[in-house]
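First comes the structure, then the notes that go with it.
No lab work stands behind these numbers, since they all come straight from the coordinates. Here the structure is a predicted model, which is why all the values come from computation and not from measurement. Here the Cβ positions follow ideal geometry from the backbone for every residue, glycine too, while neighbour counts run over all protein chains shown.
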Amino acid sequence: MNSGMNGAMNQGINRSMNRVLAHTGAKFPIVQAPMGWIARSPLALAVSRAGGLGVIETSSGETENCQREIAIMSACGLPFGVNLPIRFLQDDAMLKFVCASGVKFVTTSAGSPAKFIAPLKDAGITVYHAVPTVATAMKCVDAGIDGLVVEGAEGGGFKNPEEVSTLVLLQAIRAKVNVPMIAAGGICDGRGMAAAFALGAEAIQMGTRFVSCAESPVHANYKQAIIDAKETGTYVLNKKASPGIRALKSQRTLAIHDAGLMPADALSGILGVYFGGDMEAAPALAGQSAGLITEVKTAQEIIEQTVAEFFAITQRLGALAAGQSFG
């Protein structure tokens, strides 16, 4: 790495130019996805300490446990965020807690954020909403959202059954709105980050990459299944209904894929996958980026290498632009 890239890594990306960094306070525009039960303080702290933005989940529905995790993050004094998945919140207890807790950055997802925006912003919180389509993005901007997490179909977990790639979705949304975008879906390294920035993003969100990192609390079997997966190693399930999910291929997910619909209790064994290592207990959520991940790394290594690769690529592209050359 040359001195220029070293300097860039030491300073992060200029906050005066990058709206996501200004909103989050993170050193680097790399956000950890809010995976249920997984996105707790051990993983989020590792990401935030490495200069990214750790995020605490609340989709597990374990309100008291998630509140304790938020308190742990707050006590550490590092930038972090909280995700509020609207469809999965049983009541307004988590919303009220977040508004009173001093949290500065929240992502909302899985439903309309309209009723959440006013109380969150009244509490001084910056709010981004996760969107899978242009229409949803425009509604969120009209409702007063501060930014968007643009989720392409390559990503793991809950998905729009009508698949639109991150490549297309970023361009389509940027053509319509000017709020900051965090690109999510199919990104696990500096190449993906550079591509996302070229399409108008100002940050990236990584889920599968951080699920398989050293500090992730999931079972070694789950991490190994991600590492062993090919680029074709996932299915989108439940495409005849909504929401769909993207998960690793297995005997269980093959049966669900062929049926086209997912049984209501399909995810009831998810903790057996996450912490028991039984890869047939439930669909093991993962994105297509699993096909790009070849080893377990620490959060620090992932972020350092992603940033270094991003600057190497953008430096090369800058040289092409300066020389009006394609090669």
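For segment 170-261, what is the convex hull volume of its Cα atoms per residue in Å³?
136
Per residue, how much space in cubic angstrom lies within the convex hull of the C-alpha atoms of the chain?
Measuring per residue, one finds 132 Å³ for the Cα hull of the chain.
I'd like the distance between the alpha-carbon centres of segment 25-75 and segment 206-234, rounded to an integer number of Å.
18
Roughly how many debye, to the nearest 20, is the charge dipole of the chain about its Cα centre, given +1 on each Lys and Arg Cβ, -1 on each Asp and Glu Cβ, and no other charges?
The dipole of the chain has a size of about 580 debye.
Lys176: which aspartates and glutamates have alpha carbons under 19 Å from its alpha carbon, excluding same-chain residues fewer than 8 sequence positions away?
Counting by Cα, and skipping residues close in sequence, Lys176 has these aspartates and glutamates nearby: Asp142, Asp146, Glu151, Glu202.
About its Cα centre, how strong a charge dipole does segment 208-296 have in debye, to the nearest 20, once Lys and Arg get +1 and Asp and Glu get -1 at the Cβ?
280
With just the Cα atoms defining each centre, how far is segment 113-181 from segment 254-327? Give it in Å.
What the calculation gives is 20 Å, centre to centre.
So which of Lys139/Lys249; Lys121/Lys239; Lys27/Lys139; Lys159/Lys223 end up more than 24 Å apart by C-alpha?
From Lys139/Lys249; Lys121/Lys239; Lys27/Lys139; Lys159/Lys223, over 24 Å: Lys139/Lys249; Lys121/Lys239; Lys27/Lys139.
May I ask you to derive the relative contact order of the chain, considering only C-alpha pairs under 8 Å and at least 6 residues apart, and to give it as an integer percent?
Working: 688 pairs, mean separation 53.9, N = 327.
RCO, the chain: 16 percent.
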